[in-house]
1. How do the peptides 103-114, 7-18, 196-207, 26-37 rank, highest first, by the average count of neighbouring beta carbon atoms within 10 Å per residue?
2. Could you compute the net charge surrounding GLU184? Neighbours are other residues with a C-beta less than 12 Å from the C-beta of GLU184; K and R count +1, D and E count -1.
3. Based on the Cβ-Cβ distance of ARG138 and ASP80, what FRET efficiency does E = 1/(1 + (r/R0)^6) give at R0 = 25 Å, to the nearest 0.05?
4. Does anyone have the angle between helix 146-156 and the longest principal axis of the chain? Alpha-carbon axes, 0 to 90°, nearest 10?
5. How many nm is it between the label spots at ASP5 and MET238, if each spot is 7 Å from the Cα in line with the beta carbon?
6. List, in order, the whole-Hz ³J(HN,Hα) value for each residue of region 247-260 obtained from phi through the Karplus relation with A = 6.51, B = -1.76, C = 1.60 and θ = phi - 60°; use x for Gly and Pro.
7. In degrees between 0 and 90, to the nearest 10, how far off the longest principal axis of the chain does helix 31-42 point, with axes built from Cα atoms?
8. Work from the charge dipole of region 7-204 (Cβ charges, +1 for Lys and Arg, -1 for Asp and Glu, about the Cα centre) and give the residue of LEU100, ILE117, ALA36 farthest towards its positive end.
Amino acid sequence: MTSTDELIVERRGATLHLVFNRPEARNALSFSMYEALAEACRTVPTDGSVRAVVISGAGGRAFAAGTDMTQFRGFETARDAHDYEARIASVLRDLETCPLPTLAAIHGACTGGGAAIAAACDIRIASETLRFGFPIARTLGNCLAAGNLARLTELVGAGRLREIIFTARLIEAGEAHAIGLVSEVLPDEAALMARADGIAETLAGMAPLTLRATKEAMRRNREARAVEDADLIELCYMSEDFRHGMEAFLAKRKPEWRGR
């Protein structure tokens, strides 16, 4: 479990801090960042030396602003789309099955893949600058896998989730707290990180097997309701709209959707 240029891994007492570190790109997630996060979650010590994991973003502007979209330019076949979604699902599974409690400390933008990571954590707290969501209906024209939708539905409810995705709006801190997406809102980044350390310290005093069993049972409950979504992934990722939306976004142009 080591740091990379793009994911800082730092142990502070009994807390393991994982920090997304691409501030020049608002911590947009490369595939190597996803894999480093998954590896860190798979290999956390379970000998009692570490009791909680805190995930945050460097640079003061974003937790993580989604997947780095330049990586989508290499998509040519349906297999590319399925492999990508399977890869992300595997990362989120490694995060959810981490044997220690995980806390997302969210400052600034938390969108796309970053929002999916935050949603997969056990606890979420945020600063006043939070902007959370999945603006894909406005930007890329792709879709969320069914597993992601199930996880988010548990957090905010089906009706609200549809409205958020359909309108491509971002949830701000006050609403996020009101609907239970985050448990606390802090005034700034310094207060956010101090509170994250405080919660981690509280978790360190709890029975670790109780926490582990609870999070795993809840994950199994949701996965028991898993559905097939391969046709829906192909519908979006193999469309002309997706290719056009990606290039329009990277060029900072407004896409013109055609529904094909």
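Read-outs: derived from the displayed coordinates by stated rules, not from any lab. Remember, predicted model here, so these are calculated numbers, not experimental data. Neighbour counts run over all protein chains shown; Cβ positions are idealised from the backbone, glycine included.
1. Details: 103-114: 26.4, 7-18: 17.8, 196-207: 15.9, 26-37: 20.9.
Averaged packing, sorted descending, gives the order 103-114, 26-37, 7-18, 196-207.
2. Values: positive: ARG124, ARG195; negative: GLU128.
Once all neighbours under 12 Å are counted, the net charge is +1.
3. Numbers: r = 23 Å, r/R0 = 0.92.
Once the sixth-power term is evaluated, E becomes 0.65.
4. 60 degrees
5. Distance between the two pseudo-spin positions: 3.6 nm.
6. 5, 5, 5, 5, 8, 6, 10, 7, x, 10, 6, 10, x, 8
7. 30 degrees
8. In region 7-204, that residue is ILE117.
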